[in-house]
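A.B. asks: Here's a structure for you.
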Amino acid sequence: MRCTSSLFASIVLAACAAPTAADGPAAAAQPFVLGAGKPVDARADEPHLRNVRQLTFDGENAEAYWSHDGAKLIFQRRDAAMPADQIYMLDLATGQQTRISTGTGRTTCAYFQKGDRRVVFGSTHHTGDAPPVVKLTGRGYEWAVHQEYDIFSAKPDGSDLVQLTKTPGYDAEATVCPVTGDLVFTSVRDGDLELYTMAADGSNVRRVTNRPGYDGGAFFSHDGKQLVLRSAFPKDAKQAGENAQLLTQQIVRPSNMEICVCDRDGGNFRQITRNGAANFAPFFLPGDRKILFASNVKGMEQAAKTGDRSAARRFNLFLVNADGSGLEQVTNSEEFDSFPMFSPDGKHLVWASNRYHAKPGETNLFVAEWVD
């Protein structure tokens, strides 16, 4: 499930089963080769980011995630000529972009499967060529959770498309266990937005979370033992009731979501952030002792001081220890920064940002060397 500062729309367990033969061996990370994009100025107030490069230059580009060999990114993109997001692959050596999804319907949340021989993504193309529409209420920050979404697997060239989920309602936000290839995803199949896991072929579906309100946007730790996710923490019972009612209209209001961590089977569930803002897109740093995530907490503070509600659209990246201590702001753009992911070797970070846009509202992909 995606979010940009210009378009607030859908952006997103048992022990991991043994990988199937189709998964193949895990692809080894290659020496980093980067010819895509162009260098842009780094900010003096962002010391963790060095040798920054802009990778895309128009439209809305978001949720870029690395292949296991470190050579490519998979991401969702929409330009002015496209009615909705589609899934693309970017070759980091050449800059070449290749569309993977069908070009119809609406797509979200793509990820490389183990071995890089296949990819997964959410799509609505099987329900019709036109992108489905959810009418948002216009009252506050909202995401659409289209009931038409299902999760598909395909080869990186888009061929051999296989539908993995077939239950009624929203199934999306799939990411992959780097150890075994299992998927974790978000589904409304039991009446609420919860986390589930399944094998790479869609079998062995198991529920992970079981608490009122949205749980989603999860990623595995590098050792495959934990999940980091965003989870709804409404301020009071009234807000919780409103959230439940909105879900019947395929709407999520993510204004109060916190970063949480749990074991891969849902046990040991614990809250990491407690700032009352919109926190999402968490990802473990190598070693799984720290978490990088996006939050509009500074934007909310700015809005409260100035009365400018648009300031709440400012999202920055933050770093926090896995026990909730040591919070540190990583990016300082006055606009939108989100969807961070570390390269397989842990030396580079990719994220999406509104910085350096050619037109208002554009969101592009950036990569930088990570300075610990």
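The values are calculated or read from the model by the stated rules, or taken from the named source; none is laboratory data. From a predicted model like this one, the values you see are computed outputs, not experimental measurements. Methodologically, a virtual Cβ is constructed for each residue, glycine included, from the backbone with ideal geometry; neighbour enumeration extends over all protein chains shown. For accessibility, only protein heavy atoms count, side chains too; no ligands or nucleic acids. Shrake-Rupley method; radii C 1.70, N 1.55, O 1.52, S 1.80 Å.
A.B. asks: Only one of 64, 93 is open to solvent by less than 10 Å² (accessible area, probe 1.4 Å) and either part of a loop (DSSP other than H, G, I, E, B) or not polar (S, T, N, Q) (or both); which? First the steps, then the outcome.
C.D. replies: Working: 93 fails: open to solvent by less than 10 Å² (accessible area, probe 1.4 Å).
Answer to the selection: 64.
A.B. asks: Can you pull out every residue in segment 328-358 that is part of a strand (DSSP E or B) and open to solvent by 60 Å² or more (accessible area, probe 1.4 Å)?
C.D. replies: First pass over segment 328-358, keeping only residues part of a strand (DSSP E or B): 328-329, 336-342, 348-353.
Hit for segment 328-358 is 328, nothing else.
A.B. asks: A further question on this structure: Scan (1) open to solvent by 20 Å² or more (accessible area, probe 1.4 Å); (2) in contact with a Phe, Trp or Tyr (Cβ under 8 Å, 6 or more places away or on another chain) for the single condition residue 229 breaks and write down its number.
C.D. replies: All conditions are met except number (1).
A.B. asks: In segment 308-327, which residue that is touching an Asp or Glu at 6+ places or on another chain (Cβ under 8 Å) and in a loop (DSSP other than H, G, I, E, B) is modelled with the lowest pLDDT?
C.D. replies: Looking at the filtered set, the residue picked out is 314.
A.B. asks: Here's something else I'd like to know. Using the structure shown, decide if residue 288 is part of a loop (DSSP other than H, G, I, E, B), under 20 Å from residue 195 (Cβ atoms) and open to solvent by less than 40 Å² (accessible area, probe 1.4 Å).
C.D. replies: Taking the combined requirement at face value, the residue satisfies it.
A.B. asks: Anything in segment 176-213 that is open to solvent by 10 Å² or more (accessible area, probe 1.4 Å) and hydroxyl-bearing (Ser, Thr, Tyr)? List them, or say none.
C.D. replies: 180, 203 - these are the residues of segment 176-213 that are open to solvent by 10 Å² or more (accessible area, probe 1.4 Å) and hydroxyl-bearing (Ser, Thr, Tyr).
A.B. asks: Considering only segment 299-321, state which residues are in contact with a helix residue (DSSP H, G or I) (Cβ under 9 Å, 6 or more places away or on another chain) and not aliphatic (A, V, I, L, M).
C.D. replies: Quick first cut of segment 299-321, residues in contact with a helix residue (DSSP H, G or I) (Cβ under 9 Å, 6 or more places away or on another chain) only: 299-305, 308-316, 318.
299, 301, 302, 305, 308, 309, 310, 313, 314, 315, 316, 318 - these are the residues of segment 299-321 that are in contact with a helix residue (DSSP H, G or I) (Cβ under 9 Å, 6 or more places away or on another chain) and not aliphatic (A, V, I, L, M).
A.B. asks: May I ask you to list the residues in segment 281-307 that are of a type in the set (A, V, I, L, M, F, W, C) and modelled with pLDDT of 95 or more?
C.D. replies: If we filter segment 281-307 for residues that are of a type in the set (A, V, I, L, M, F, W, C), which is where we start, we get 281, 283-285, 291-294, 297, 300, 303-304.
Hits for segment 281-307 are 281, 283, 284, 285, 291, 292, 293, 294, 297.
A.B. asks: Okay, next question. Can you tell me which residue within segment 183-232, out of those that are of a type in the set (A, V, I, L, M) and part of a loop (DSSP other than H, G, I, E, B), is farthest from residue 340 (Cα to Cα)? Spell out the reasoning first.
C.D. replies: Our first condition is that a residue be of a type in the set (A, V, I, L, M); within segment 183-232, this holds for 183-184, 188, 193, 195, 198-200, 205, 208, 218, 227-229, 232.
Subset that is part of a loop (DSSP other than H, G, I, E, B): 188, 193, 199-200, 205, 208.
On the way: 188: 25, 193: 23, 199: 25, 200: 24, 205: 27, 208: 24 Å.
Per the stated criteria, the residue is 205.
A.B. asks: Residues in segment 272-283: is at least one open to solvent by 50 Å² or more (accessible area, probe 1.4 Å), assigned to a strand (DSSP E or B) and of a type in the set (Lys, Arg)?
C.D. replies: So far as segment 272-283 goes, no, none of its residues is open to solvent by 50 Å² or more (accessible area, probe 1.4 Å), assigned to a strand (DSSP E or B) and of a type in the set (Lys, Arg).
A.B. asks: Counting just the residues of segment 146-168 that are small (Gly, Ala, Ser) and over 20 Å from the mean Cα position of the chain (by Cα), which one comes out most open to solvent (accessible area, probe 1.4 Å)? Break it down into steps so the answer makes sense when it comes.
C.D. replies: So in segment 146-168, the residues small (Gly, Ala, Ser) come out as 153-154, 158-159.
With the extra rule that they be over 20 Å from the mean Cα position of the chain (by Cα), the set shrinks to 158-159.
Numbers: 158: 23, 159: 46 Å².
The qualifying residue most open to solvent (accessible area, probe 1.4 Å) is 159.
A.B. asks: Please give the number of the condition residue 263 fails out of (1) at pLDDT 95 or above; (2) acidic (Asp, Glu); (3) within 24 Å of residue 368 (Cβ to Cβ).
C.D. replies: Going through (1) at pLDDT 95 or above; (2) acidic (Asp, Glu); (3) within 24 Å of residue 368 (Cβ to Cβ) one by one, residue 263 breaks only (3).
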